Every structure is written in structure tokens, then in C-alpha cells.
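Asks: Sharing a structure, written as C-alpha cells. Questions coming.
The numbers here are math on the coordinates, done by the rules we state, and not lab data. Values in this document were obtained by computation on a predicted structure and should not be read as measured data. Here the Cβ positions follow ideal geometry from the backbone for every residue, glycine too, while neighbour counts run over all protein chains shown.
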Amino acid sequence: MEIFSEISPLKAFLADQKKIGKSIGLVPTMGALHEGHLTLIRASQKTHDLTVCSLFVNPLQFNNPEDLRHYPRPLALDVSMLEKVGCDVLFVPDTHEMYPSPPLLNLSFGMLEQRMEGAFRPGHFSGVAIVVSKLLHAVGPDSAFFGQKDWQQFVIIKQLVKDLNFPVTLVSIPTVREADGLALSSRNLRIPPHLRSVAGKLNKILTEARNKLQGGESTSYVHTWVTTQMSLLPETRLEYFEVVESENLTAVTDVRIANHPILCMAAYVGGIRLIDNMFLDLHAS
Ligand code: AMP
């Protein structure tokens, strides 16, 4: 695996590869890699000649300094996982390489960030959009791969790419989960061990909520039901549970007349913030 920490040599290397006709897939990550990230890499490998994984804990997208400080950074382990999966290129810049001076740019995404992550993490999506733009410029991939777990992020990046004409195809990959349904996340490493089984309940509640909606219950009933269920779990705090249209993220009041609704939630378990989501399949029951 070729490893670059600077943009210029990365660009020069990739320019040579493009000249000889190689297609390039980009998988942007913040490291502390797990099977979810590796699934994105494998998806890129299936469809592209060369896969570039970027690893950068982007300070711009953290609205909570404690979260940034505690974000896991097991670089040596990440490198060996990438080698093992056969990733071709790792781009691992430091903060100065990505931001030689603090960006003054501030991007906003209107109604796409009015609820959920956008509402609870001010500035988060501006930071995400800036770093993704810089990575797209640095790598110039044919496709970029993202996880469904961060669905709002995917919708916002789609808008970014559309508004700024980035010549890239975006691919969303289904969430990879632990056996009990907990969505894999780098933050799972920080869940206190005595609360690990509680964290697994989030997905069970989400699944049950989806079943209730599919069974004809109203969104307001299900909202109250989820809030009650979450209040029964120890050391947890529900931040939001929302049913929205997956393409434009507007709130859904009646799932029967909504376009591709998705259920999204964020909750703290023992102080660690976890998110999850699930599409509604109205033909399932
Ligand atoms: P992160 O390192 O958390 O910024 O995530 C990098 C990419 O991996 C993002 O596109 C995430 O949506 C994706 N990702 C994170 N967790 C999972 C998962 N459990 N399954 C699939 N993709 C994931």
C-alpha cells in the first residue's frame, strides 16, 4: 500500500495512474477502522482499479471538543487492517496539510440540516462538506463511498456534489452491524462495558418502531413509544427520533403518503453519542 501524508505527491501519483486508465474509488474515514469501513473499501475494490482510503480526524466537524480529544486514533492498527484488505493507497494528512490556515468558508445546506444531526451539531455539516470537498479535489475519484449509517451526511454530500458540479459518483453502502444489531462505529470502543448490551437495545427499539409504522401505527404514537422505551434504559438519553423522507429529510406525519421514509435516531449511552437509522418498507407487512 502506498501511504501519503501530503497532497502534492498523492496527486502526482494518482495523475500517473489516471493517465494509464485506472479508475479510482475514494473511501473517506476518520480512522479507528472497523468492518463497516472495510465494507466500503471492498465495495470500491469491486468496481474500481484503485482504492484510496483517507484517514483524517477532521476538527472542523466536531462541535464538541471533548469528543474530538477522545476520538480514537489507533493508526498502526488501521494501517495493518488496510494492508490486509488490500487497499491500494492511504492518504493520512495532518491538520496543517488539510488546513494550512483555518478556513473562513462556512457552508450551509438549508432545510437539509434543519433537523437531526444538523440541529444538534451546529457547524458539523459545514465541516464535513469542507473536508469532503478538499478530499475530492486532492484525489479526483470516479466514485466516493459512504455508509448509510450517516444518512443525513450522505444526502448533504449529494447536494454538495450537485451544487458544485464535482465529477464524482456517490455510493451509499448499507450499515454493518454487530450480532445484536448495534451499528458498528469507532465510538463503540468508548461505550462503558457495563452498558454495551444497553447500546444494542437502540437498534431493537428502532426495528420495533419500524414494525409499528409498517403495521399502521401513526408517527406520533411511535414517537411517544420510542421516547418511553428509551426512558426505561439505564444511563441513556434520547436526543432525537425522527421519521423523515430520505431524499429531502422533511418530517413525515403520515408514512402512507411519504416518499421513501427513513427512521433516524441519536442517543447517548453512558455519555457516548450513537446514531442509527432504518428505511421503512411499506410493502413488508
Ligand atoms: P467515519 O470514520 O465514522 O467518519 O466513517 C467513515 C465512513 O464509514 C462514513 O461514510 C460512514 O458512514 C461509514 N461507516 C461508519 N460506520 C459504518 C457502518 N457500521 N457500516 C457501514 N459504513 C459505516
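Asks: Could you run through the stretch 114-125 and say how many residues are surrounded by fewer than 20 Cβ atoms within 10 Å (Cβ to Cβ) and on the phi < 0 side of the Ramachandran plot?
Replies: First, pick out the residues of the stretch 114-125 that are surrounded by fewer than 20 Cβ atoms within 10 Å (Cβ to Cβ): 114-115, 119-120, 122-123.
Those left that are additionally on the phi < 0 side of the Ramachandran plot: 114-115, 119-120, 122.
Summing the residues that are surrounded by fewer than 20 Cβ atoms within 10 Å (Cβ to Cβ) and on the phi < 0 side of the Ramachandran plot in the stretch 114-125 gives 5.
Asks: Let me ask something additional. Look at the stretch 34-68 and say how many of its residues are near the ligand (Cβ under 10 Å from one of its atoms), over 20 Å from Ile157 (Cβ atoms) and touching a helix residue (DSSP H, G or I) at 6+ places or on another chain (Cβ under 8 Å).
Replies: Adding up the residues that qualify gives 2.
Asks: A further question on this structure: Could you run through the stretch 95-113 and say how many residues are touching a residue at least 40 places away in the same chain (Cβ under 8 Å) and loosely packed, with under 13 Cβ neighbours inside 10 Å?
Replies: Residues flagged as touching a residue at least 40 places away in the same chain (Cβ under 8 Å) and loosely packed, with under 13 Cβ neighbours inside 10 Å within the stretch 95-113 amount to 1.
Asks: Within the stretch 124-146, work out how many residues are part of a loop (DSSP other than H, G, I, E, B) and within 16 Å of the ligand (Cβ to nearest atom). Explain how you work it out, then say what you get.
Replies: As a first pass, look at the stretch 124-146 and keep what is part of a loop (DSSP other than H, G, I, E, B): 140-142.
Of the ones still in play, those that are also within 16 Å of the ligand (Cβ to nearest atom) are 141.
Here the count works out to 1.
Asks: Is it the case that some residue within the stretch 6-17 is touching a helix residue (DSSP H, G or I) at 6+ places or on another chain (Cβ under 7 Å), more than 19 Å from Met98 (Cα to Cα) and of a type outside the set (S, T, N, Q)? Working first, answer last.
Replies: If we filter the stretch 6-17 for residues that are touching a helix residue (DSSP H, G or I) at 6+ places or on another chain (Cβ under 7 Å), which is where we start, we get 6-7, 10-11, 14.
With more than 19 Å from Met98 (Cα to Cα) added as a condition, the list becomes none.
Within the stretch 6-17, none of the residues are touching a helix residue (DSSP H, G or I) at 6+ places or on another chain (Cβ under 7 Å), more than 19 Å from Met98 (Cα to Cα) and of a type outside the set (S, T, N, Q).
Asks: Next up: Would you call Gly181 surrounded by fewer than 21 Cβ atoms within 10 Å (Cβ to Cβ), within 14 Å of the ligand (Cβ to nearest atom) and part of a loop (DSSP other than H, G, I, E, B)?
Replies: Numbers: surrounded by fewer than 21 Cβ atoms within 10 Å (Cβ to Cβ): yes; within 14 Å of the ligand (Cβ to nearest atom): yes; part of a loop (DSSP other than H, G, I, E, B): yes.
Yes, satisfied.
Asks: I've got another one for you. Could you pull out the residue among Ser172, Ser186 that is within 16 Å of the ligand (Cβ to nearest atom), under 24 Å from Ala32 (Cβ atoms) and touching a helix residue (DSSP H, G or I) at 6+ places or on another chain (Cβ under 7 Å)?
Replies: Working: Ser186 fails: touching a helix residue (DSSP H, G or I) at 6+ places or on another chain (Cβ under 7 Å).
After ruling out the rest, the residue left standing is Ser172.
Asks: When residues of the stretch 217-237 are filtered for being surrounded by fewer than 18 Cβ atoms within 10 Å (Cβ to Cβ) and either touching a His at 6+ places or on another chain (Cβ under 8 Å) or assigned to a strand (DSSP E or B) (or both), how many remain?
Replies: Result for the stretch 217-237: 1.
Asks: Considering only the stretch 1-48, state which residues are assigned to a helix (DSSP H, G or I), over 23 Å from the mean Cα position of the chain (by Cα) and among the hydroxyl-bearing types (Ser, Thr, Tyr).
Replies: Within the stretch 1-48, the subset assigned to a helix (DSSP H, G or I) is 7-19, 35-47.
Within this subset, residues satisfying the condition of being over 23 Å from the mean Cα position of the chain (by Cα) are 7-19.
Correct list: Ser8 only.
Asks: Sticking with this structure for a sec: Only one of these conditions is not met by Glu208: (1) in a strand (DSSP E or B); (2) under 20 Å from Leu280 (Cα atoms). Which number is it?
Replies: Against the list (1) in a strand (DSSP E or B); (2) under 20 Å from Leu280 (Cα atoms), Glu208 comes up short only on (1).
Asks: Every residue in the stretch 196-211 that is farther than 13 Å from Cys264 by Cα and surrounded by 16 or more Cβ atoms within 10 Å (Cβ to Cβ), please.
Replies: Val198, Ala199, Gly200, Lys201
Asks: Could you figure out which of (1) buried (at least 20 other Cβ atoms within 10 Å of the Cβ); (2) near the ligand (Cβ under 7 Å from one of its atoms); (3) hydrophobic (A, V, I, L, M, F, W, C) isn't true of Ile157?
Replies: (2)
Asks: Which of the numbered conditions does Trp151 fail, given that it passes all the others? Conditions: (1) touching a residue at least 24 places away in the same chain (Cβ under 8 Å); (2) more than 18 Å from the chain's Cα centre (by Cα); (3) within 18 Å of Gly127 (Cβ to Cβ).
Replies: The single condition Trp151 does not satisfy is (2).
Asks: Given the conditions (1) under 24 Å from Gly110 (Cβ atoms); (2) surrounded by fewer than 17 Cβ atoms within 10 Å (Cβ to Cβ), which single one is not true for Leu263?
Replies: Tallying (1) under 24 Å from Gly110 (Cβ atoms); (2) surrounded by fewer than 17 Cβ atoms within 10 Å (Cβ to Cβ), Leu263 fails exactly one: (2).
Asks: Provide a single number: the residues in the stretch 57-105 that are within 20 Å of the chain's Cα centre (by Cα) and part of a loop (DSSP other than H, G, I, E, B).
Replies: Of the residues in the stretch 57-105, 12 are within 20 Å of the chain's Cα centre (by Cα) and part of a loop (DSSP other than H, G, I, E, B).
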